[in-house]
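Here the structure is laid out as structure tokens; the discussion comes afterwards.
The values are calculated or read from the model by the stated rules, or taken from the named source; none is laboratory data. Everything quoted here is computed from the prediction, not taken from an experiment. Cβ placement follows ideal geometry from the backbone for every residue including glycine, while neighbour counts extend to all protein chains displayed.
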Amino acid sequence: MSTTDLFVELIIIGMGAAIWLLLLSFSTFGYDWVPLEKVFSLAALIPFLSVVYVLGIVIDRIADTIFGKLWGSPLLKKVYRQEEKYLDDRRLIYVHPGRLGNLLEYGRSRLRICRGWTLNAVLILVSLNIFIWTRVAGNYWRVRLSIFGSLLLGLFAYGNWFSWYQLMLAYYNKIKQQAVFLRAIQSAEDAAPEPDSNSRSPSI
């Protein structure tokens, strides 16, 4: 996986964190103080992306810890009886000079994005409701916006979690299958007879 791909991945995750942090800030301090003409300027883009990148790293690590403890270990045990066997298979794929390692990294990128946005969606749901009930006038709009936003973000969070769950299960199965394939190739190469250097080539 290239450095650019990883940067973009963390920016995508960090954007979700920026949304719920901004909603919390607007709930606390309001939004009249925000200089929109400066926020959307090119000069503000680089520092904004830097903050978003750091937020992406933080959310990715938090989500990794939560998902690993709640669902990661049970999922792994569905495919592997021992974690050491999984680690051996993964190392075998990454040291192989083919494209299998790159394909695994692409799958891991999708996993991290789904995992990070599951957590982001839940936090956006909470911060959105805080913003609605502190900054939106009138119970009529509060109730409707809260219900609609909660349903939409709840479905979005579940969709990301479900995608992560299915991708994670497929990821473990792919590692197991590809490791079996690579070991079969290695066994066939080891069993192949060595060429006889003393044999003479047939004359033409």
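Only one of the numbered conditions (1) closer than 18 Å to Leu167 by Cβ; (2) without any contact (Cβ under 8 Å) to a residue 24 or more places away in the chain; (3) of a type in the set (Asp, Glu) is violated by Asp32, and that is (1). Please work out if Val122 is assigned to a helix (DSSP H, G or I), within 17 Å of the chain's Cα centre (by Cα) and among the β-branched types (Val, Ile, Thr). Judged against the criteria, Val122 is a match. When we screen Met15, Met1 for residues that are under 15 Å from the mean Cα position of the chain (by Cα), modelled with pLDDT under 90 and not basic (Lys, Arg), the only hit is Met1. Scanning segment 87-102 for residues that are modelled with pLDDT under 85, more than 17 Å from Thr3 (Cβ to Cβ) and either over 21 Å from the mean Cα position of the chain (by Cα) or assigned to a helix (DSSP H, G or I) (or both) yields His96, Pro97, Gly98, Leu100. Cβ-Cβ contacts under 8 Å between residues 6 or more apart (or on different chains), taken from a first residue in segment 150-165 that is touching a residue at least 60 places away in the same chain (Cβ under 8 Å) to a second residue that is surrounded by 17 or more Cβ atoms within 10 Å (Cβ to Cβ) and of a type in the set (Lys, Arg), are listed as Trp164/Arg115.
Surrounded by 10 or more Cβ atoms within 10 Å (Cβ to Cβ), under 22 Å from Glu105 (Cα atoms) and among the aliphatic types (A, V, I, L, M): does that describe Leu23? So Leu23 fails the test. Among the residues of this structure, Val58 does not count as one that is under 22 Å from Tyr31 (Cα atoms), among the β-branched types (Val, Ile, Thr) and in a helix (DSSP H, G or I). For segment 56-92, which residues satisfy the criterion of being under 12 Å from Arg115 (Cα atoms), charged (D, E, K, R) and surrounded by fewer than 17 Cβ atoms within 10 Å (Cβ to Cβ)? Result: Arg61, Asp64.
Among the residues of this structure, Val95 counts as one that is exposed (fewer than 15 other Cβ atoms within 10 Å of the Cβ), aliphatic (A, V, I, L, M) and more than 28 Å from Met15 (Cβ to Cβ). Being modelled with pLDDT of 95 or more and of a type in the set (S, T, N, Q) is the filter; apply it to segment 103-123 and report the residue that is surrounded by the most Cβ atoms within 10 Å (Cβ to Cβ). It comes out as Asn120.
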